[in-house]
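Reviewing the structure listed below.
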Amino acid sequence: MTVDALTDVAGVRVGHATRTDGGWLTGTTVVLAPEGGAVAAVDVRGGGPGTKETDALDPRNLVQKVEAIVLTGGSAYGLDAASGVMAWLEERGRGVRVGPDPAHVVPVVPAACVFDLGRGGDFRARPDAATGRAAVEAAAASAPGDRVREGCVGAGTGAAVGLLKGGVGTASAVLASGITVAALAVANAAGSVADPETGVLYGELFQGRVAYPESRVHEAAGRRLAEVAARNAPPPLNTTLAVVATDAELSKAQAQKLAGTSHDGIARAVRPVHLLSDGDTVFALSTGTRALDAQNPLALNEVLAAGADVVTRAIVRAVRAAEPVDGPGGVWPSYRELYGES
């Protein structure tokens, strides 16, 4: 049974740590690989990325597998959350072996951040090592194949997409070959997710026939968003993050290609995308439990195409699951608040 989430890739777990009290509106999400790690790669396309350990994922470099990936709020400050995840992994002997003792490991924990500073009212309220530890402990405590909480949780707690509230979303697909491809996205883009002429979500235009909001509903939404634009000036910095995972057996170079093509999923759901104020980053993970069909030269293409598709759906689900925020750090209505379930 699948749950339409990143956890449909066997062995992959997700944990969130969320803070919304006392000026906080931020958090951290950890994607925990199966013990022994997963082949990993990354593709960064935004003009203002905040990342950690991404050079280790270059196919030309030594590290082949990672045990976890961290997505976090707090801008560059929040990258400290990865230290808590590293400490948790070291305590369990999980990481790159660097000495004769099994405890001699260095966990390589790639991380990327979104900008959400001050959105809860306190600019100094941001994730740290303790937040990262809480998120990885939540991931470890989850059961295999668990549903993943979506919306304003973890790294999506303080997320915003244009003038709307953003969040975390996830989706998966099982290919005809039996291979699973899944994504988890943090929707926090400078661009918009909704067509200004109709209000329909861009990402849903790629999923077949959609129901357009009634004109009166869209007009009311436009008036509300004009009020929001005036209150929230100047425009915030942003970033959309995603982790795409598959059980297909991929090399690091193939995983890097998957990370690259999966950026198309962001471009379908957000316009404009990959701006100087974005740090758009996509990680790819391969658990390698299913071999690609050697008789099918296009087998990898099917995985690449699915990666983009599930990223688009994950962003749509993040936006639809988000809840509105009206607080000292700003106001961000949710898509559901403005348009209902249309």
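Does the range 120-135 hold any residues that are part of a loop (DSSP other than H, G, I, E, B) and either of a type in the set (Gly, Ala, Ser) or at pLDDT below 95 (or both), and which are they?
From the range 120-135, those part of a loop (DSSP other than H, G, I, E, B) are 120-128; that's our starting set.
Matches in the range 120-135: Gly120, Gly121, Ala125.
Which one of Asp146, Asp122, Asp128 is touching a Phe, Trp or Tyr at 6+ places or on another chain (Cβ under 7 Å) and either buried (at least 20 other Cβ atoms within 10 Å of the Cβ) or not small (Gly, Ala, Ser) (or both)?
Asp122
Between a residue in the range 63-90 that is charged (D, E, K, R) and in a helix (DSSP H, G or I) and any residue that is open to solvent by 30 Å² or more (accessible area, probe 1.4 Å) and at pLDDT 95 or above, which pairs come within a Cβ distance under 7 Å, given they are 6 or more apart or on different chains?
Between residues of the range 63-90 that are charged (D, E, K, R) and in a helix (DSSP H, G or I) and residues that are open to solvent by 30 Å² or more (accessible area, probe 1.4 Å) and at pLDDT 95 or above, the close pairs are Asp80/Asp128; Asp80/Ala129.
If we keep just the residues of the range 145-200 that are more than 18 Å from the chain's Cα centre (by Cα) and hydrophobic (A, V, I, L, M, F, W, C), which is nearest to Leu117 (Cα to Cα)?
Of everything passing the filter in the range 145-200, Leu163 is nearest to Leu117 (Cα to Cα).
Can you spot a residue in the range 72-90 that is closer than 30 Å to Gly329 by Cα, among the hydroxyl-bearing types (Ser, Thr, Tyr) and touching a Cys at 6+ places or on another chain (Cβ under 7 Å)?
Yes, that holds for at least one residue.
For residues that are at pLDDT 95 or above and acidic (Asp, Glu), tally how many sit in the range 254-292.
Here the count works out to 2.
Do you know which residues across the range 1-58 are of a type in the set (Asp, Glu) and either outside any helix (DSSP H, G or I) or under 22 Å from Gly329 (Cβ atoms) (or both)? Let's see the steps before the verdict.
First, pick out the residues of the range 1-58 that are of a type in the set (Asp, Glu): 4, 8, 21, 35, 43, 53, 55, 58.
Residues satisfying the conditions are Asp4, Asp21, Glu35, Asp43, Glu53, Asp58.
Could you look through the range 306-338, keep only residues that are over 14 Å from Ser172 (Cβ atoms) and free of Cβ contacts under 8 Å to residues at least 60 places away in the same chain, and pick out the one that is surrounded by the fewest Cβ atoms within 10 Å (Cβ to Cβ)?
Asp326
The values are calculated or read from the model by the stated rules, or taken from the named source; none is laboratory data. None of the values given here were measured: they were computed from a predicted structure. Methodologically, a virtual Cβ is constructed for each residue, glycine included, from the backbone with ideal geometry; neighbour enumeration extends over all protein chains shown. Areas reflect the complete protein model, heavy atoms only, side chains present, ligands, DNA and RNA absent. Shrake-Rupley method; radii C 1.70, N 1.55, O 1.52, S 1.80 Å.
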